[in-house]
1. Under 7 Å between Cβ atoms, at least 6 apart or on separate chains: pull out the pairs that start in region 180-201 with a residue that is among the acidic types (Asp, Glu) and end on any residue that is open to solvent by less than 70 Å² (accessible area, probe 1.4 Å) and assigned to a strand (DSSP E or B).
2. Answer yes or no as to whether Ser623 is part of a strand (DSSP E or B) and either among the acidic types (Asp, Glu) or farther than 30 Å from Gln760 by Cα (or both).
3. Return the residue satisfying two criteria in turn: it lies in region 854-888 and is of a type in the set (A, V, I, L, M, F, W, C) and not in a strand (DSSP E or B), and of such residues it is most open to solvent (accessible area, probe 1.4 Å).
4. Out of curiosity, is Pro340 part of a loop (DSSP other than H, G, I, E, B) and at pLDDT below 90?
5. What's the total number of residues in region 862-888 that are free of Cβ contacts under 8 Å to residues at least 40 places away in the same chain and under 20 Å from Gln819 (Cβ atoms)?
6. Being surrounded by 14 or more Cβ atoms within 10 Å (Cβ to Cβ), among the β-branched types (Val, Ile, Thr) and more than 27 Å from Pro422 (Cα to Cα) is the filter here, so list the residues in region 362-387 that pass it.
7. Need at least 1 residues that are basic (Lys, Arg) per element, so show me which strands (runs of 3 or more DSSP E) inside region 672-761 make the cut, counting only ones lying wholly within it.
8. Which of the residues belonging to region 547-601 are in contact with a Ser or Thr (Cβ under 8 Å, 6 or more places away or on another chain), part of a loop (DSSP other than H, G, I, E, B), over 13 Å from Thr615 (Cα atoms) and open to solvent by less than 40 Å² (accessible area, probe 1.4 Å)?
Amino acid sequence: MKTRQFNQQTSASNISFYRNKFVSFLLLVLALLVAGVLSGNLARAGNILINPGFEADGNHGSGVQPGGWTAGAGGPWYINSDSYAHSGNNYYKVWGAFNGSPNYQAVYQDNSSLPTSTYQADGWLFTLGTDTMWSGDDADYAWLEVSFRDASNNILALYRSDQFSDTLSTSGFSYATGIWYDFPITNICQTTPPYTIIGSTNLLVAPVGTVTVRFQHTLYQLLSGGGSCYFDDATLNQISGPVPPQITQVYPGNLLFASNHISFNVYSPSSSPISNSNIHLVVNGTDVSSSCTFSGSTPNIGVTYNGITPGVWAYTASITVTDSYNFTASTTMNFDTINPSYVWESEDYDFTNGQFINSPLLSSTPQPGSYYGTAGTLGVDFSGNGNNPAAPNLYRTNDFVGIGLAQETSRQKFLTAQLTDPGVNDYVVGYIRIGDWMNYTRNYPAGTYNIYARLAGGAGATVVALSNVVSGTLLGDFQFSGNDWGAYNYVPLTDVDGNVLPLTFDGSQQTLSVSLASGGENMNFFMLVPAQTGLPLLSNISPTNGTQFATNTAFNFTATPATGSTINNKGIHLMLNGADVSSSLVISGSSVKNVSFPLLASNTLYTAVIAVTNTTGAGVTRSVQFDTISTGNFYVKIEDFDYNGGQWDTTGNGLIPNGYEGQNGSITNVDYYHSATGGGNFPYRGPNALATEPTSDIPLPGFSAGSDYDVGNFNTGDWGNYTRNYPAGKYLVYGRIAGGNGTATAYLDEVTGGIGTTSQTLQRLGTMSAIPGGWQSWVWAPLQNNGVPAVVNVGGTNTLRVTSGGNINANYLMLLAVQPIKISATVTAGNVVVSFPTQAGQSYRVFSEPGITSGVWTQVGSIGGDGTVKSVSTPETGSQQFYQVVSP
């Protein structure tokens, strides 16, 4: 709704263009090279917080916790990068959970501490006038605190700042919107609820028994108050007492194209001894500390590890150091060791009717040999994707192109260039519309290569086409699914079947054109890497990736060996929803292998992973997602809610396509509720309704594209009632939902009383949550209770209610009948063997109990289904037992 599928892309969520996180990362790296501190654990009288200004984070949503901090699972919390930051590039943004109950959203950081150590602490808070978080809006407020804790995490001493609120501040001060306020932590509080203020101090003292000092930001939401709080530049200065060790001069950190080693320095500002045996380096899950080289001596030790392999796409490394006080410091890094043959930046597209620079200079001003400030010819060099008043046009300011500062991991060439030209920045191209294109003319180096793009997106499934302008041919596509505009990944150029394409250049001038075919993207750079050869090819995959309502009973694909190799049947594997079903494959053909798994079940969501390895050891994998949901299931369209105080379509039972169109007699707080400030359009049922919009989802039978609707602007707390003559039975329920960055959530209740009135009673049936990745990126969200699929028992006339939990567009509910499982049990060699037919991709749990009426079932086994009969064996007890099998 709100045409959010593209407003989201053409907002600050797309690319952060006011400030440059890359510069801050460069300054961080340069500081490390001059013995700065990556871990953030500084010497006495210094700030011991890691990432206190959130500058170590890229622009991201609640799927990623802030670096160095711990937050509640799933958010809602974001790192924002725009002009509102108190300093630097980034700040932390948080709002209430909107779960209908009083809730606390906290982010905190723990550091080691000893009794008698002293500290001072503060931080900066802000709320925007257009997104106000105040006490008057259902009593939202925020504060900062420092607590000292023992080994069991019990609070020994608690200190808090003033409350950030217009009228509920503990000091009585009324804070204003649009202003950053410094909040010193000076209030002494009781250590038990309600944490009453009992005094004030300028020095926070760790009491006897302290092992941890915690700095925390908390937002409190009474019920459903809106608005958000910004938090930046936290400080926890240690004034006295020993401090944890420091990890400094770390290489490579979070670097792209890193070299083949890790190095760092370990130092104790308190001169507490550090043993080499207490310095640990873990690389990709393996402790490699014994292979490290140590130089110097405690309290200042240099460490080098030379076991990093060139050409690896992803490394994760963690460093942990413990000193004689048992104080610990740690840091993690993510890097790669790719060595591309050639790289070109997305912002370096052609200029002045096809002019180009083969090896451009990095600069912060217009100079010969640099793309900075050059102007492309509209319709010749580019298509003008920045024709949007919100789009930045940095770097090439005369063009209508959305070029902004990169929120990306560093590359050494930018770090090196900034040593002599500090204004050099890394840029990305965003605000790209479907059909937009850019040309890149170069003398691409001779050789055979795979092409990779460094892309991010927040619009779900995305296809970016690459063409050769000279030959007029489509070379292939960059295909990915994005749910975060700031989360960049390497995306290979592939054919329609997903095979990574080798392309050969002869060193002559070529013009490559990049265009957005579907979805949404931000582009950083493109690169050539030496082509992988000898790989099998996969083709004829059916159902194809993303297929909805597949009627197939078999999953099929073809595996073709590369020239000079063969594929044996044992080299072909298939996983369905995590279960290995390779033994049930039907394989034909001598050289080219035609593969079929003939046991697909209906009404199932599938993730299929194909793995094929040839006789030379070269292999490929492919992940394919599809569903076999039947359109014959009972469905409930979310725009077709009740009207006139609980009335409903008794003739068509709500199943007639667009049967409620124009029905504007719904009563607010009786048939539906839509916030007065919720906004949206009302093309389907008029103003007395939930907001609706034409949907891009695949239509159900009888509906057609352009005249099928979903509910958008479905804001937190909005709801609709759905009275139907539901077919009797037990059902699993799936919501068809979409949403922006982060988790989209809706709740399902049964209205148990008061239908047609404003006083209705509800029974919660479950929650539907997913991360769709775009306002028109549609996914299935299963109804669950505490992470377990919920079974709904309905029959006859029932009224169900769907309530928005936020960040959601909603199309319909689908009810899938629960199928009985026929089981048999035999006794063999002292064991009871329980056997039952399975469906591929389903999980099964076996329970037993001594008496059918006891109600005490004990799980005795579990197994994954592959479409065949499976058995679970459990020891015979010598007494009567009853068994049941449950799926999922």
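1. Once the first residue is among the acidic types (Asp, Glu) and sits in region 180-201, its partners that are open to solvent by less than 70 Å² (accessible area, probe 1.4 Å) and assigned to a strand (DSSP E or B) give Asp182/Asp122; Asp182/Trp124.
2. Numbers: part of a strand (DSSP E or B): yes; either among the acidic types (Asp, Glu) or farther than 30 Å from Gln760 by Cα (or both): yes.
Yes: the conditions hold for Ser623.
3. The initial filter retains those residues of region 854-888 that are of a type in the set (A, V, I, L, M, F, W, C), namely 856-857, 860, 863, 869, 872, 882, 885-886.
Imposing the further condition that a residue be not in a strand (DSSP E or B) reduces the set to 856-857.
Values: Val856: 95, Trp857: 79 Å².
Looking at residues that are of a type in the set (A, V, I, L, M, F, W, C) and not in a strand (DSSP E or B), I get Val856.
4. Details: part of a loop (DSSP other than H, G, I, E, B): yes; at pLDDT below 90: no.
Criteria not met by Pro340.
5. 6
6. The one that is surrounded by 14 or more Cβ atoms within 10 Å (Cβ to Cβ), among the β-branched types (Val, Ile, Thr) and more than 27 Å from Pro422 (Cα to Cα): Thr377.
7. Numbers: elements: 692-694, 709-714, 719-739, 744-753.
Filter on region 672-761 gives 719-739.
8. The answer is Phe549, Ala550, Ala554, Leu585, Leu600, Ala601.
The values are calculated or read from the model by the stated rules, or taken from the named source; none is laboratory data. Just so we're clear, the structure is a prediction, and the values are computed from it rather than from any experiment. Because the Cβ atoms are built from the backbone with ideal geometry, glycine has one as well, and the counts that use them run over all protein chains shown. Accessible surface is based on the protein model in full, side chains and every heavy atom, while ligands, DNA and RNA are left aside. Shrake-Rupley method; radii C 1.70, N 1.55, O 1.52, S 1.80 Å.
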